[in-house]
Amino acid sequence: MAAASSSLGTQFREELSCGICLELFTTPKVLPCQHTFCQDCLEGHAGWEETFQCPNCRWHVILPPEGVAGLPDNHLVTSLCERLQNQATLSEETRESGNRCSFHPSEEVKLYCKQCNMPVCNECLDEIHSNHRTITLKKASEERRAPVQALIVEGRTILETYCTSLRSLRDREKALDEKKQELDNSIIQTYEQEVQKVTEKKDHLLLQVEEKYKDEKEALQEERDRVLADVNELSAACDRAEHEMEQGGVESLGQEAILTGVVGKYRGKAAPTPAQTQPAVVQPSDTVRTVAWLLLFAALLLYSPSYWVYNATFEQQSVPKTVPKTVPRTVPKTVPKTITFGGFGTGQFNLPSGVAVSDEGEIFVADRLNQRVQVFTLQGEDLDQQFPTVVSGEQKMCPYDVALDGEGNLWVVGDRHSADVALQYNKQGRVLKEFNLQETLWDRGVAVDTRRNHILIIQTNGNWSNPQGEVQVFRPDGTLVRTVGQQQGMKVPRYITVDGEGNILVSDWDNDSVYVYNEDGQFLFQFGGEGSGEGQLKYPRGICTDGEGNIIVADRGNSRVEMFDKTGKFLKHITTDMKKPQAVAMATQGQLVVTDLSENSVHIIHSY
């Protein structure tokens with residue numbers, strides 16, 4: 001029976017133990033899924049998050065404003081735990097008291113009074129029980145054993161039914177958890193299958209649009225060439241006749257006949273109207289169009305940096321037109337803490353997505369949608385050295401990012417229609433080198449390892465739902481040397497820099513993190529993590545380092561620029577005044593240059 005009692009006590013203690021710390025509940029809190037845990041254990045499990053999963057059934061729990069403390073108390077469990085602890089305390093006290101008399105603690109009980117039904121010591125016998133019938137303790141124990149044993153058996157039998165009920169409830173709870181997990185998996189699998197189908201539909205539709213676009217584009221080009229040929233012939237004839245008439249020579253006498261023939265040729269030939277040259281519009285079916293729009297919108301919103309970049313374009317409509325393109329050329333005697341210049345427009349900036357600073361203090365800004373690079377001083381003066389970003393055949397390119405190599409030349413990566421390309425320019429905008437890049441759906445950044453003369457370019461592979469980021473290292477002739485970062489789980493890296501020791505630093509906006517590798521591409525550490533607290537990041541973009549090796553990150557989702565030391569430890573907020581800080585660069589003189597996509601502006605921070 002002792003063994004049975006111990007077993008039942010163990011079972012009750014297990015039922016009243018927290019599933020996290022495995023100890024008796026302390027301030028038990030009950031979750032919406034009816035599972036109970038200690039308050040301290042839940043606070044450690046939830047951390048700083050507003051939502052978390054139940055450790056037992058993975059139910060998503062949304063915390064009240066008061067946090068874990070605001071969850072309801074489990075009063076029944078609290079009461080049962082107190083009783084179990086009190087029983088343990090009482091048993092311990094009973095063991096310690098042994099056979100001592102409760103009225104005379106210094107005396108040991110030796111007899112049992114049958115009249116009073118209680119054990120007595122010699123003092124009790126002399127004082128109260130001298131005329132009562134007494135027997136030895138052993139005999140009294142033998143006489144009372146049978147009825148007590150019967151009650152014990154009955155009590156154990158009842159307890160066993162309760163334990164059986166508890167086991168049954170536990171089994172049913174486990175089966176319920178397994179059933180929920182099974183349904184969750186089934187829903188996720190079905191959803192992924194449907195997404196795959198819609199994605200394939202989307203890809204097929206985009207391919208059709210691309211093919212139709214190319215056909216219409218070629219048709220337009222042919223039509224334009226024909227119109228230009230007619231314009232050239234008619235214009236040349238008119239110009240020649242006008243020139244000869246001004247000269248008044250013999251040649252002027254024949255111009256009437258020449259013009260009669262040329263003008264007559266086009267007199268009855270109507271010039272093409274806009275309706276004749278307007279390309280056909282590709283229209284997908286209603287069902288496919290609806291699904292495609294929904295999918296593309298969700299994918300862009302969740303994954304595509306292009307959405308956030310181009311979205312900034314529409315926000316510029318509210319930017320005041322009075323923002324000057326540059327500060328005046330006369331530099332004030334006292335340099336302000338921050339110089340800001342720019343503004344939205346084709347004559348100013350239209351998504352300044354990349355920035356680099358030369359050793360001479362020249363600021364090169366990749367003006368993306370204006371398809372050019374603009375050059376300024378560290379006082380914000382326009383040097384009038386802007387040049388269009390063009391590739392072979394004078395085809396313009398939208399620049400994503402810009403970096404300087406050891407010889408002072410510029411490396412620019414960007415998009416020319418459906419293909420990305422890396423180009424090397426001199427400071428006057430003449431193309432020196434060019435090579436194509438692997439196809440990707442995302443924007444990319446560029447940096448230069450001046451010690452090895454390697455060009456480091458961001459590459460993101462995979463589809464919208466499963467992006468996989470890496471860094472590709474090239475020689476200046478476009479030869480791929482190696483790839484970096486394939487094993488660390490980068491998703492959508494955007495910007496990259498190389499510090500003074502040759503370490504490679506990459507910002508990943510989808511993982512809200514910064515990855516750090518040594519000069520040979522070996523992973524060193526990662527820091528950041530989603531959030532708005534100190535040391536946390538949200539959609540990080542531009543990254544650079546200062547002369548002491550401190551790391552500066554454009555924390556775009558939190559509208560601030562952050563500084564960390566070379567180990568990734570948070571140091572301070574440099575600024576919290578920008579809406580969408582994008583690219584950052586450090587001047588050798590110590591000034592920090594930051595572009596702001598929301599304002600289409602450039603900020604030169606002289607002290608921070």
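Read-outs: derived from the displayed coordinates by stated rules, not from any lab. Predicted model, so just to flag it, every value in this text is computed and none were measured. Note: ideal-geometry Cβ built from the backbone for every residue, glycine included; neighbour counts use all protein chains shown.
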Simple spin-label estimate for Q438/K579, 7 Å along Cα→Cβ, in nm, reads 3.6 nm
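Could you tally the net charge around E43, taking each other residue with its Cβ under 12 Å from the Cβ of E43, Lys/Arg +1 and Asp/Glu -1?
The answer is -2.
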Checked the stretch 374-507 with the C-alpha gyration tensor, a ≥ b ≥ c its square-rooted eigenvalues, rounded below a/c of 1.5, otherwise prolate if a/b is larger than b/c and oblate if not; verdict prolate
Karplus ³J(HN,Hα) for the stretch 75-85 (6.51 cos²θ - 1.76 cosθ + 1.60, θ = phi - 60°; Hz, whole; x = Gly/Pro) runs 5, 4, 5, 4, 5, 5, 5, 5, 5, 5, 5
Checking rank on 177-190, 133-146, with mean other Cβ inside 10 Å and highest first, the result is 133-146, 177-190
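Between T338 and M118, what length comes free when the chain is fully extended (0.36 nm per residue of separation minus the Cα-Cα distance, one decimal in nm)? Before the final figure, lay out the partial values.
Working: separation 220, 0.36 × 220 = 79.20 nm, distance 9.22 nm.
Contour length minus the Cα-Cα distance gives 70.0 nm.
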The rounded separation in angstrom of the Cα centers of the stretch 404-461 and the stretch 12-44 is 56 Å
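Output the pairs from K538/K580; K396/K427; K396/K580; K491/K566; K202/K538; K217/K433 with a Cα-Cα distance over 19 Å in this structure; if there are none, say none.
Over 19 Å Cα-Cα: K396/K580; K491/K566; K202/K538; K217/K433.
Tally Lys and Arg at +1 and Asp and Glu at -1 over the other residues with C-beta under 13 Å from the C-beta of C124: what net charge comes out?
-3
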With R₀ set to 25 angstrom, the calculated FRET efficiency between the beta-carbons of R13 and H75, to the nearest 0.05, is 0.85
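Report the local net charge at G254: Lys and Arg +1, Asp and Glu -1, summed over other residues whose C-beta lies under 11 Å from its C-beta. Walk me through the numbers before you get to the answer.
Details: positive: R240; negative: E244, E251, E256.
Result for the neighbourhood of G254: -2.
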In nm, the gap between the two label points placed 7 Å beyond Cα toward Cβ at R267 and L234 is 1.4 nm
Expected unfolding gain across N453-T51 under the 0.36 nm per residue rule, minus the alpha-carbon gap, is 140.0 nm
Taking 0.36 nm per residue of separation between H606 and E534 and subtracting their Cα-Cα distance, the length gained on full extension comes to 23.6 nm
Once the in-chain neighbours fewer than 8 apart are removed, the lysines whose Cα is under 18 Å from K201 read K212
